[in-house]
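The values are calculated or read from the model by the stated rules, or taken from the named source; none is laboratory data. The structure displayed is predicted, hence computed values, not measured ones. Don't worry about glycine lacking a Cβ; one is built from the backbone with ideal geometry, like all the others, and counts go over all protein chains shown.
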Amino acid sequence: MEKQQAIEAALADGLRAKAFGITPENVDEMIEKRSHLLKSVFPAFSEFCQTTFQVEPKEMLQVLWDLWLPLGIKLASQRQQLERPLIQGILGGQGTGKTTMSKVLSLILDQLGYRTVSLSLDDLYKTYSDRLLLTQQDPRLIWRGPPGTHDVDLGLNVLDQIRQLQSPVMLPRFDKSAFGGAGDRTTPEIVTGVDIVLFEGWFVGVQPINPDVFDTAPPPIITDEDKAFARDINHRLYNYLPLWERLDSLIVLYPTDYRCSLEWRKQAEQQMIAAGKSGMSNAEIEQFVNYFWRSLHPELFIKPLVKDATLVDLVIEINRDRSIGKLIQIRNS
């Protein structure tokens, strides 16, 4: 792409330009900076595409240019202004690309000289033995994932150590394959000199809502038992609020239709089966996804959140084909 074309494209999408602080006055400088960064990050990005995705880098080049590079530059700037480690929350459901984005942003930020680590909400799961006890106490918690299945104090300790510039820090890690897929803690990762934490998960930053809402909740919250479960899970969210208070910023990956996550999950499982691996049937997937919609329904929890400028900084819409839609800056930073 010629520089002039890049400049015009950067200004053409007003929402995206606003999100990345691009103006007619600074666009030339911003495109120059992005071009230099592209050149320096491309070898590592290329290797990542080929080893992790088994795709040609050129297939991912547009999203790298349009989203990941300017977002990396934005996060680096936020870290610089903060003068302490930045805790960046990334909220995204099944198939929204939060893990991929975290990995690519880490590559970019490392290239910019910022030691970046990813921490998933999954890494904070309670141990296998603790979750067995939890299931005995509440048999409705048949799967790990909903509020109540994490060790919030563990997360607080880790984030506080990083915020307070302690080093080294032991990042918890979770092995999903342990105990026949039930999962358990594994050896922590020892990290030093952390500048930025990308803290991602399917309900990172999600707030409890008025329990009266569940009286007229959308499917699959149908029966009285469903409503009671949804209320209980909603109540458990209060325990996570101290964790969300550690976030300096929150990005939401927001499917234009929350039901896409069901389709995406089916596609992922079909690909696994086609590759000779074990995968869930469509009926099992629907049961699985509906369980999580019963616990934290996207229409009830995510839809209001993405309009809340006190909690969310940036909303990245994800189209049905998983391409990037609109970028909307919610909080003026």
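Residues in the range 40-66 that are under 19 Å from Val27 (Cα atoms) and in contact with a helix residue (DSSP H, G or I) (Cβ under 8 Å, 6 or more places away or on another chain): Leu64, Trp65, Asp66. Which one is modelled with the lowest pLDDT, of the residues in the range 126-143 that are surrounded by 19 or more Cβ atoms within 10 Å (Cβ to Cβ) and in contact with a helix residue (DSSP H, G or I) (Cβ under 9 Å, 6 or more places away or on another chain)? Once the filter is applied, the top-ranked residue is Leu141. Applying the condition of being surrounded by 13 or more Cβ atoms within 10 Å (Cβ to Cβ) and without any contact (Cβ under 8 Å) to a residue 60 or more places away in the chain to the range 190-213 and asking which residue is nearest to Thr96 (Cα to Cα) yields Pro208. Selection over the range 93-134 of residues that are under 17 Å from the mean Cα position of the chain (by Cα), assigned to a loop (DSSP other than H, G, I, E, B) and of a type in the set (Val, Ile, Thr) gives a count of 1. For the criterion of being in contact with a helix residue (DSSP H, G or I) (Cβ under 8 Å, 6 or more places away or on another chain) and surrounded by fewer than 20 Cβ atoms within 10 Å (Cβ to Cβ), His235 passes. Of the residues making up the range 97-116, just one is in contact with an Asp or Glu (Cβ under 9 Å, 6 or more places away or on another chain), surrounded by fewer than 20 Cβ atoms within 10 Å (Cβ to Cβ) and charged (D, E, K, R), namely Arg115.
In the set Ser120, Ser106, only one residue is more than 22 Å from Val289 (Cβ to Cβ), at pLDDT 95 or above and among the hydroxyl-bearing types (Ser, Thr, Tyr); that residue is Ser106. Within the range 1-32, can you find the residues that are of a type in the set (Val, Ile, Thr), in a loop (DSSP other than H, G, I, E, B) and either surrounded by 15 or more Cβ atoms within 10 Å (Cβ to Cβ) or touching a residue at least 40 places away in the same chain (Cβ under 8 Å) (or both)? Listed by number, the list holds a single entry, Ile22.
The residues in the range 158-189 that are surrounded by 14 or more Cβ atoms within 10 Å (Cβ to Cβ), in a helix (DSSP H, G or I) and free of Cβ contacts under 8 Å to residues at least 40 places away in the same chain can be counted, and the count is 2. When the range 69-90 is filtered for residues that are in contact with a Lys or Arg (Cβ under 9 Å, 6 or more places away or on another chain) and surrounded by fewer than 16 Cβ atoms within 10 Å (Cβ to Cβ), only Arg84 remains. Looking only at the range 103-126, residues that are touching a His at 6+ places or on another chain (Cβ under 8 Å) and among the aromatic types (Phe, Trp, Tyr) come to 1 in all.
Apart from one condition, Arg84 fits all of (1) closer than 29 Å to Thr192 by Cβ; (2) out of contact with any strand residue (DSSP E or B) (no Cβ under 6 Å at 6 or more places or on another chain); (3) in a helix (DSSP H, G or I); the exception is (3).
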